Amino acid sequence: MTDIARQKTNQVNKQLPSYLLLSILAGAYVGIGVVLALSVGAPLAEASLPIVSLVMGLSFAIALLLVMFAGAELFTGNHMFYTISTLSGATTWKDTLKNWLWCFVGNGLGAFVLCLLIVGTGLFKGVGDTHLLLTTAAKKMNLPMSELFFRGILCNWLVCLAIWTALRTKSDAAKIMLVFWMLFAFVASGYEHSVANMTFLGLALLHPHPETISLAGLLHNLIPVTLGNIVGGALFVGSVYWFINKKQMEKGRIQEVKIPKIVKEETLSK
C-alpha cells in the first residue's frame, strides 16, 4: 500500500499535469453518481415515497466503481493511503499535504466541468424550489457545522473501508459488492462527502434557486465536511489499520495485504 503512495507522490512531483487530470476525472466520475442518484430519486420525492434515500443509495456506487476501475485520483481515498504511508515512513507529511491539495483542486475542477455539462443538457431546467436537488442542497448548506463535520467523518470512514476491503480481494465481483454496500450505507444514512457535494451544491447554484442556497452556504458545507472526511479516512481507517499492522511491516509495506492488479492500475495510473 505504501508503494501506491510513493507512486502517487512521484507523479505529483514529476508529472503534475497528468496527476491533475486523473483528479479531474475523479471529480467528474463522482458527479456522474450524484446526477444518477438525483435522477432516480427526484420522481420518488415528488411522489412522497419513503424510499428516496434507499434508491439514491443503491444508485451512487457507480461513482467509486468508475474511480477504481477506470482509473482516477479521489481526494477522500488518499486520506487513507497517505496516512498509512507517512506513518510507515514511506512518505512525508509534506508529500501528504501536497497530494491532498492537488487532488482536492482537481476533484473540484472535475465537478465544476460536469456541472456545466449537466446544465447544458437541461436535465434540471425549470425545476421548482421543491425539487429534490434544491431542497437537499438547501438542507446541506444550512445544517450546523458540527453536524456536517461528524457526517463527514462517518462518510469517509465507509468510503475508505470500501477501498481498504477491495484491496483484500482479487475478485472483481467481490470488489463491486463491497463498494456497493458501503456507498449504499453512507448515502442512505445521510452522511456527507466533500467531492460529491461539489457537484450537488454546484448544480444547485447554477440553476435558479431560493435564498437558502448561496456561495456562502457552499463554503459552510464544504469546510466542515472536508475536515470530517480527512478525520474519517486518516484516523478511523488509515491510522487504525497502520497501528494494527505495524509489527508486520517491512519498510512501510503491510505484508498481509496483497494489492490486486486492478487496484494497482487504478491508483498508480502510470
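None of the figures in this text is laboratory data; all of them are computed from the coordinates on show. Fair warning: this is a prediction, and the values are worked out from it, not measured in the lab. When we count neighbours, we look across all protein chains shown, and the Cβ atoms used for this are built from the backbone with ideal geometry, even at glycine.
Look at the dipole of the chain built from charges on Cβ: of 156, 208, 245, the Cα furthest out on the positive end belongs to 245.
Each label was represented as a point 7 Å from its Cα along the Cα-to-Cβ direction; for residue 51 and residue 16 these points are 5.0 nm apart. When 151, 168 are sorted by how many other C-beta atoms sit within 10 angstrom of their C-beta, beginning with the fewest, the order is 168, 151.
Dimensions of the chain based on its C-alpha atoms, expressed as ranges along the principal axes with the largest first, amount to 58, 34, 33 Å. Close lysine pairs were tallied over the range 1-127: pairs 8 or more places apart or on different chains with Cα atoms under 16 Å apart number 4. Specify the residue with the greatest mean-square fluctuation among 117, 205, 227, computed from a Gaussian network of the chain linking alpha-carbon atoms under 10 Å apart. Result: 117 has the largest fluctuation of those listed.
Sorting 79-85, 133-139 by their mean Cβ neighbour count within 10 Å, with the most densely packed peptide first, gives 79-85, 133-139. As a proxy for reagent exposure, ranking 60, 184 by other Cβ atoms within 10 Å from fewest up yields 184, 60. Considering helices alone, the calculated mean residue ellipticity of the chain at 222 nm is -24000 deg cm²/dmol, with DSSP H runs of length four and up weighted by -39500 (n - 2.57) and normalised per residue. Restricting the range 75-137 to trypsin sites (Lys or Arg not before Pro) that sit in a DSSP loop and have at most 15 other Cβ atoms within 10 Å of their own Cβ leaves 125. Cβ under 13 Å from residue 198's Cβ, residue 198 left aside: what net charge do those residues give with Lys, Arg +1 and Asp, Glu -1? Combined, the nearby Lys, Arg, Asp and Glu give 0. Ordered by the number of other Cβ atoms lying within 10 Å of each residue's own Cβ, fewest first, 102, 93 fall into the sequence 93, 102. Taking the chain as the reference, fit the longest principal axis to its C-alpha atoms, fit the long axis of helix 16-46 to the helix C-alpha atoms, and give the angle between the two in degrees, 0 to 90, nearest 10. Long axis of 16-46 versus the principal axis of the chain: about 40 degrees. To the nearest 10 degrees, how steeply does helix 194-206 sit against the main Cα axis of the chain, on a 0 to 90 scale? Orientation of helix 194-206: about 30 degrees from the principal axis. Specify the angular offset, from 0 to 90 degrees and rounded to the nearest 10, of the alpha carbon long axis of helix 215-233 from the longest principal axis of the alpha carbons in the chain. Tilt of helix 215-233: around 30 degrees. Maximal additional length on extending the residue 147-residue 97 stretch stands at 15.5 nm, based on 0.36 nm per residue less the C-alpha distance.
About its Cα centre, the dipole of the range 2-268 is roughly 900 debye, where the only charges are +1 on Lys and Arg Cβ and -1 on Asp and Glu Cβ.
Projecting the Cα atoms of 51, 136, 146 onto the charge dipole of the chain (Cβ charges, centred on the Cα centre) puts 146 farthest toward the positive pole.
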